[in-house]
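Chemist: Before I ask anything, here is the structure I am working with.
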Amino acid sequence: MATEEQKKANQLRLAKLSLLGLAASVWDMVGDSAYAFSKGMGEHILPVLEKEMGLELTGESLVDIVTEVGRLFVDEFGFAESVEVSGDDNVITLKVMNCANRKLTDDLMATGVEHPFICPFLCVGEAILHRVGKRARGTAEKWVEGNGSIITFELI
């Protein structure tokens, strides 16, 4: 019989396998259109950042807001080693170094998912842009050298 620690590790493993299966199935069914799910996923994460971690979406530039999200993901979640944000009024880019989701992304890509549309950085970014009334095309690409991802939002 598994120890309590092993059970918790197995619970996390089962959750990751469920997410992997769901994301791969969605991609198999709709391909690149799976990006349509990113905003909705982000809309479940964004309230936690606002209510529990003090994220504010008003009075700041989009680059400043996204920079703060990166800081929260690093400092509060330990989800990456660092996040470098750059951009202007047209394009915002995040370089996520040593992302905790790297293994899941690799596993997704091994199943045929071409772009990690479930990336929490991408999802929250999409939700933020929607909330502040901006339209953008978000993409996430694997960043091998940084053991993470490069997320780009091209504002429309």
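Chemist: For L46, state whether it is touching a residue at least 12 places away in the same chain (Cβ under 8 Å), assigned to a helix (DSSP H, G or I) and over 19 Å from T152 (Cα atoms).
Modeler: no
Chemist: Another one. Pick out, from segment 61-156, the strands (runs of 3 or more DSSP E) lying fully within it that include 1 or more residues that are under 27 Å from A24 (Cβ atoms), charged (D, E, K, R) and free of Cβ contacts under 8 Å to residues at least 40 places away in the same chain.
Modeler: Here the list reads 136-143.
Chemist: Could you tell me which numbered condition N10 fails, if it satisfies all but one of (1) without any contact (Cβ under 8 Å) to a residue 24 or more places away in the chain; (2) assigned to a helix (DSSP H, G or I); (3) within 23 Å of I128 (Cα to Cα)?
Modeler: Condition (3) is where N10 drops out.
Chemist: While we're here: So which residues in segment 49-60 are loosely packed, with under 14 Cβ neighbours inside 10 Å, at negative phi and assigned to a loop (DSSP other than H, G, I, E, B), if there are any at all?
Modeler: E52, E56, T58
Chemist: Next up: Of all residues in segment 131-154, which are over 16 Å from the mean Cα position of the chain (by Cα) and closer than 17 Å to L57 by Cα?
Modeler: Result: R131, V132, G133, K134, R135.
Chemist: Right, something else. Residues A15, A34: which one is surrounded by 11 or more Cβ atoms within 10 Å (Cβ to Cβ) and either at pLDDT below 95 or among the small types (G, A, S) (or both)?
Modeler: A34
The values are calculated or read from the model by the stated rules, or taken from the named source; none is laboratory data. Quantities reported herein were computed from a predicted structural model and do not represent experimental measurements. When we count neighbours, we look across all protein chains shown, and the Cβ atoms used for this are built from the backbone with ideal geometry, even at glycine.
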